[in-house]
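Every read-out reported here was derived from the displayed coordinates using simple, explicitly stated rules and does not represent laboratory data. All figures in this text were calculated on a predicted structure; none of them were measured in a lab. Here Cβ is always computed from backbone atoms with ideal geometry, including for glycine, and neighbour counts include all displayed protein chains.
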Amino acid sequence: MATDVLNIYVCGVGGFAIGSVSNILTRAASMKGIRAIGSETHGLAQRGGVVVSTIRLGENIAGSPLIIKGGADIVFALEPLEALRAIPFLKKGGTVIYNTQRFQPLSVRLGIADYPGLDEIESELRKSTDNVIPVPASDMAKKLGLSESANVIMLGILTRRGLLPFDMDTMKEAVTQSTPSKYLEVNLKALES
């Protein structure tokens with residue numbers, strides 16, 4: 001870690017296994033002897049509502065598990081529009097990794113609002129940071145046979161890029177401990193994707 005505390009803001013919509021990301025990261029931290037605290041906020045998660053999870057890793061964590069605006073080292077978004085909405089939480093020079101699979105909110109489905117194009121979303125994200133990682137994680141996960149593994153694909157990318165304080169062996173063990181046996185083989189492949 002570049003600092004002694006790593007703040008990760010995880011967001012998306014219900015059904016994208018955001019809680020699993022928190023669980024995997026917390027397990028990995030425990031295995032490495034790194035302190036971890038976190039918080040989850042569930043909107044209408046089962047109806048495609050916004051879900052936010054914050055994870056803070058490090059020895060010198062003080063205060064709340066929540067991440068204040070401008071405090072996230074990483075925004076981990078499982079939906080592009082949620083990445084855009086989370087930008088106020090990103091610290092200067094932080095990293096945004098997001099799944100390019102769009103999930104239209106009700107206002108868009110009803111024709112009340114427009115959903116911006118992916119190019120427009122990426123352009124807006126790049127106004128806040130040069131560290132933008134768009135990932136077609138849902139498409140990659142479908143090819144593996146488990147659409148719910150998009151989150152693990154993204155964790156693998158962050159691990160390989162050295163943006164998390166864990167090596168791949170630690171992440172594999174955390175995924176193994178966090179995944180039901182019937183999905184384990186696919187999730188381990190997803191981590192290496």
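For the chain, averaging the sequence separation of C-alpha pairs within contact (under 8 Å, six or more residues apart) and dividing by the residue count gives a relative contact order of 21 percent. Of Lys32/Lys182; Lys92/Lys189; Lys91/Lys127; Lys142/Lys172; Lys127/Lys172, which pairs sit farther than 23 Å apart, going by alpha carbon to alpha carbon? The pairs that break the limit, which is 23 Å between Cα atoms, are Lys32/Lys182; Lys92/Lys189; Lys127/Lys172.
For the chain, the Cβ-based charge dipole about the Cα centre amounts to some 200 debye (Lys, Arg positive; Asp, Glu negative; other atoms uncharged). When the helices of the chain are scored as -39500 (n - 2.57) per DSSP H run of n ≥ 4 and the total is divided over every residue, the value at 222 nm lands at -11500 deg cm²/dmol.
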